[in-house]
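The values are calculated or read from the model by the stated rules, or taken from the named source; none is laboratory data. Predicted model, so just to flag it, every value in this text is computed and none were measured. Counting neighbours? That spans all protein chains shown, and the Cβs are built from the backbone with ideal geometry, glycine included. These accessible areas exclude ligands, DNA and RNA; they are computed on the full protein's heavy atoms, side chains included. Shrake-Rupley method; radii C 1.70, N 1.55, O 1.52, S 1.80 Å.
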Amino acid sequence: MTSSSLLRLIAAAPLPLLGALTLAACGPRGESYEAARTETDQSAIETRWLDGVSLGSWLDCTRESGATLVQAHRGGPRPGYAENAISTFERSIEDGAVFLEMDVARTQDGVLVLMHDDTVDRTTTGTGRVDAMTLEEFQALRLVDETGQALDEAPPTFAQALAALDGIGIAQVDLKDITLDQAISGLEEGGAIDRAVLITYSLDDAIAAHRRAPGLMVSAGLFSQADFDRLRENDVDLTRIVAWLGLGSGEPEFDAWLAGQGIKTSFGDFRAEAAGTADYLEMSDNGAEVISVNDVEAAARALRAAQTARGVLASCQAAR
């Protein structure tokens, strides 16, 4: 039975049958989303439930159980919550996201900060290039949500974001005009090498990142067996790789082949989300351990994300 079929069966199940179906779906997926959320949302923030987790082992267990975790693209912005903002990360974690994608740039005085664009114009109350601002100038700004509403929140530094996620979420780090070495140094300084995934855009960068920080999980675009072979030939520890399969609803056959090699996978279908046609259950069936989404709340509801993440971790002794 596919994961989507099981989830649909759970949704229709009478209470006596629900417990067994829930266990078959790694426990948490089967609960009513809203009922379970009341138990898991604030506790995800308060209990530091990810302290000491072996991320690679947890993702291996996720693959082996056929489960799917949620990554919040740019943190999961929505009305009242800006992209690349700590309050947004926390809201997405409450919804059930595990991975919080953040865009890391650098101020004029060399401090790593969160900002997607070269300028602050679109997402803050200010104007100008990030790399032309001092940290003091940058943090005097206020973030703006997607509706244009100014929020009482300053854009954070990378260090502040990493500290905020400690024990409650995994940083998915995207580089904006900074080097691999600068990003990895920031993770080291924040004590976050073992609780982050670094996004790379070429196999050369993936290989270089692994050599620089062998314990770091690295997201690398893999689109053929030749890509897989190149990483292996360069002595990359493939247990530290999350294969990015690109934009779309997945590549089931290649995903299954990678799973047979012990590789974790991810993808995202932002176009389908924008069109209102995203089928998160189908994406899960297509094999990804991590789906990158814009609509965190919808994806989390469909995938019982908070409950699934906790259920897989609870049953994964290797991750502790």
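Observations on the model:
- Search result, residues across the stretch 205-237 that are surrounded by fewer than 13 Cβ atoms within 10 Å (Cβ to Cβ) and over 26 Å from Val53 (Cα atoms): Ser224, Gln225, Ala226, Asp229, Glu233
- Within the stretch 171-201, the set of residues being of a type in the set (Ser, Thr, Tyr), open to solvent by 50 Å² or more (accessible area, probe 1.4 Å) and touching a residue at least 12 places away in the same chain (Cβ under 8 Å) comprises Tyr201 only.
- Residue within the stretch 307-316 that is in contact (Cβ under 8 Å) with a residue 24 or more places away in the chain and outside any helix (DSSP H, G or I) present: yes
- Residue within the stretch 135-144 that is modelled with pLDDT of 95 or more, surrounded by 18 or more Cβ atoms within 10 Å (Cβ to Cβ), closer than 25 Å to Ser185 by Cα and among the acidic types (Asp, Glu) present: no
- Flag if Ser43 is closer than 22 Å to Ala161 by Cα, part of a helix (DSSP H, G or I) and either modelled with pLDDT of 60 or more or in contact with a Pro (Cβ under 7 Å, 6 or more places away or on another chain) (or both): yes
- Taking each residue of the stretch 41-60 that is within 21 Å of Glu289 (Cβ to Cβ) and looking for partners that are assigned to a loop (DSSP other than H, G, I, E, B) and modelled with pLDDT under 95 with beta-carbon atoms closer than 8 Å, six or more apart or interchain, yields Gly52/Arg320; Val53/Arg320; Ser54/Arg320.
- Some residue of the stretch 287-305 being more than 17 Å from His73 (Cα to Cα), modelled with pLDDT of 95 or more, more than 17 Å from the chain's Cα centre (by Cα) and open to solvent by 20 Å² or more (accessible area, probe 1.4 Å): no
- Only residues that are of a type in the set (Val, Ile, Thr) and open to solvent by less than 30 Å² (accessible area, probe 1.4 Å) were counted in the stretch 42-91, giving 5.
- Subset of the stretch 229-243 that is part of a helix (DSSP H, G or I) and under 22 Å from the mean Cα position of the chain (by Cα) - its residue that is farthest from Asp204 (Cα to Cα): Thr239
- Looking across the stretch 243-282, the residues that are open to solvent by 60 Å² or more (accessible area, probe 1.4 Å) and touching a Leu at 6+ places or on another chain (Cβ under 9 Å) come down to Trp244, Glu251, Gln261, Arg271.
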